[in-house]
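Undergrad: The structure under discussion is supplied below as structure tokens; questions concerning it will follow.
The values are calculated or read from the model by the stated rules, or taken from the named source; none is laboratory data. If you're wondering where the values come from, they're calculated on a predicted model, not measured in any experiment. So basically every Cβ, Gly included, is an ideal-geometry build from the backbone, and we count neighbours across all protein chains shown.
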Amino acid sequence: MVDYNKLRSQITDIEQDRGISEFYKGAIFKGTAWALATKSLPKSWETVRKKPVVKESRVPTHESLSKTEVFDSLKIKGEKIFKFGFGQSPFQVPLDIVNELKNNAHQNKYLPMQGLSELRNAVSKHTSKKKNYNYKSENVIIGPGSKELMFLLHVIFDGEIILPAPSWVSYAPQAILGRNKTQILQTKRENNWFPTASEIEEIILKDKNKNYLLFINSPNNPSGQVCKNLEEIADVAKKYNLIILSDEIYSDLSFEDNYKSISSFCPEKTIISTGLSKWCGAGGWRLGYFIIPDSLKEIKNMINVLASETFSAVSAPIQYAAIKAYENDHSDYINKSRNILKAVGNYVYENLRSNKVLINSPQGGFYLMPEFLNKKFNSSSEMCDNILKDTGVALLPGSDFGFEKSRMLARLSFTDFDGQKFMDKIKVEKIIDDNTINEFAPKIIEGVDKLKKWSESI
């Protein structure tokens, strides 16, 4: 039996004798709670005092950010690096949106947690027109990037997450943080690196009583491919009450003339996730949003609760500026950026593919996912390290995106060029040939050449 009075007295004595800081007092009380729970006290108060205050991580770490820092440090040292690893729009934010940000720099009040009503209204109208489906401003949640909203979704969702591999590096760690079990679906090149409807159904049939949340990212990061079997997947969603998170952050950069969202086939089951970062070149502004249909209102309400306890509200000036992003016509800007990326992506594809490099043609965004047909390396990470050392070309290993380490896959981002100079010099309808790419994206030309020679030498 624990003598609580004696315990309190002991703690007080320690505080007085050793001048323990507030930080360590907290550690002591937490240690005491642990001791009571396990029916035993620590051998000494010193062990409690030295007890780690950070839990051991259960979240897998990926090399994306650390490798980016390595690439930057090599550039600082004067080494020529071809930054094909880090995915970021090469274009500047449209001028009218930048000016609107300047005009609203004085906005300093907290905005509604769900987002500025004028912005949510602009987003809902913009999306309704594109999707031919009636979304209301109440369906929109504005967040500090779509990444944060995805994390909150993981936290509130009670069920299993179905993740196709390859998938964006943060999906799986966020699922783990949300304490959800994750089902990884390995996909095939011949299906554009997306799962089939039957593969999804097979997972659900193992336990139809569970809640399931499927992530679909099209155009895809890291593959640059577009999902072609959305209608079949939608049928599975409707049949088994499957919820879908449709990550459409690259949708405006699709090279397909008839781009489709899975929300076109099952809007009542689909949460649309997107934002400014890719089509608008505003990754650093950190503004994304969810569009959640009325049928999933419970999810929207719970995300709102968590949002109020975490980020509270997105930056006011950026929200006011973003209204212009969705009210004004930016079709010329989008078409130019799409045409440039398509031309550059096709150049990389045509000049890299060979009997030693398997690669699908680009269909959207700014990524390709080459597979190098060799057995020289033990892992894709080791291969990418070797490529960087021998050529200066920085890639990210396929293992970061859910593939087995033994598969020599890598993500290649073809954005290492000055997008604004490129955009200023061409017209929307201009055919972008190799000479133009060489003029405005010389590092793409040189980097691909080095990578091709490397693939032929191993």
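Per-residue answers, yes or no, for (1) within 22 Å of GLU404 (Cβ to Cβ); (2) in contact with a strand residue (DSSP E or B) (Cβ under 7 Å, 6 or more places away or on another chain):
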{"site": "ILE291", "(1), (2)": "no, yes"}
{"site": "TYR320", "(1), (2)": "no, no"}
{"site": "LEU341", "(1), (2)": "no, no"}
{"site": "VAL348", "(1), (2)": "no, yes"}
{"site": "SER361", "(1), (2)": "no, no"}
{"site": "GLU382", "(1), (2)": "yes, no"}
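Undergrad: Additional query: Which residue out of SER273, SER254 is out of contact with any Leu (no Cβ under 7 Å at 6 or more places or on another chain), of a type outside the set (D, E, K, R), under 27 Å from GLU201 (Cβ atoms) and touching a residue at least 40 places away in the same chain (Cβ under 8 Å)?
TA: Residue meeting the stated conditions: SER254.
Undergrad: Somewhere in region 101-124, is a residue in contact (Cβ under 8 Å) with a residue 60 or more places away in the chain, more than 25 Å from ALA313 (Cβ to Cβ), outside any helix (DSSP H, G or I) and in contact with a helix residue (DSSP H, G or I) (Cβ under 6 Å, 6 or more places away or on another chain)?
TA: No, that holds for no residue.
Undergrad: Just to be sure before I move on: is GLY87 in a loop (DSSP other than H, G, I, E, B), in contact with a Phe, Trp or Tyr (Cβ under 9 Å, 6 or more places away or on another chain) and modelled with pLDDT of 95 or more in the structure I sent?
TA: no
Undergrad: Within region 324-348, can you find the residues that are over 14 Å from SER251 (Cβ atoms) and among the β-branched types (Val, Ile, Thr)?
TA: Residues satisfying the conditions are ILE340, VAL344, VAL348.
One line per residue, one yes/no per condition, for (1) among the aromatic types (Phe, Trp, Tyr); (2) assigned to a helix (DSSP H, G or I); (3) closer than 24 Å to TRP279 by Cα; (4) under 28 Å from the mean Cα position of the chain (by Cα):
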| position | (1), (2), (3), (4) |
| --- | --- |
| LYS376 | no, no, no, no |
| SER381 | no, yes, no, yes |
| LYS405 | no, no, no, yes |
| ASP416 | no, no, yes, yes |
| PHE422 | yes, yes, yes, yes |
| ASN435 | no, yes, no, no |
| GLU439 | no, yes, yes, no |
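Undergrad: Step by step: first the residues of region 384-403, then only those that are part of a helix (DSSP H, G or I) and in contact with a Gly (Cβ under 9 Å, 6 or more places away or on another chain), then the one that is surrounded by the most Cβ atoms within 10 Å (Cβ to Cβ). Which residue is that?
TA: In this case the residue turns out to be CYS384.
Undergrad: Would you kindly identify the helices (runs of 4 or more DSSP H) lying entirely within region 269-357 that contain at least 1 residues that are in contact with a His (Cβ under 8 Å, 6 or more places away or on another chain)?
TA: Per the criteria, 316-327.
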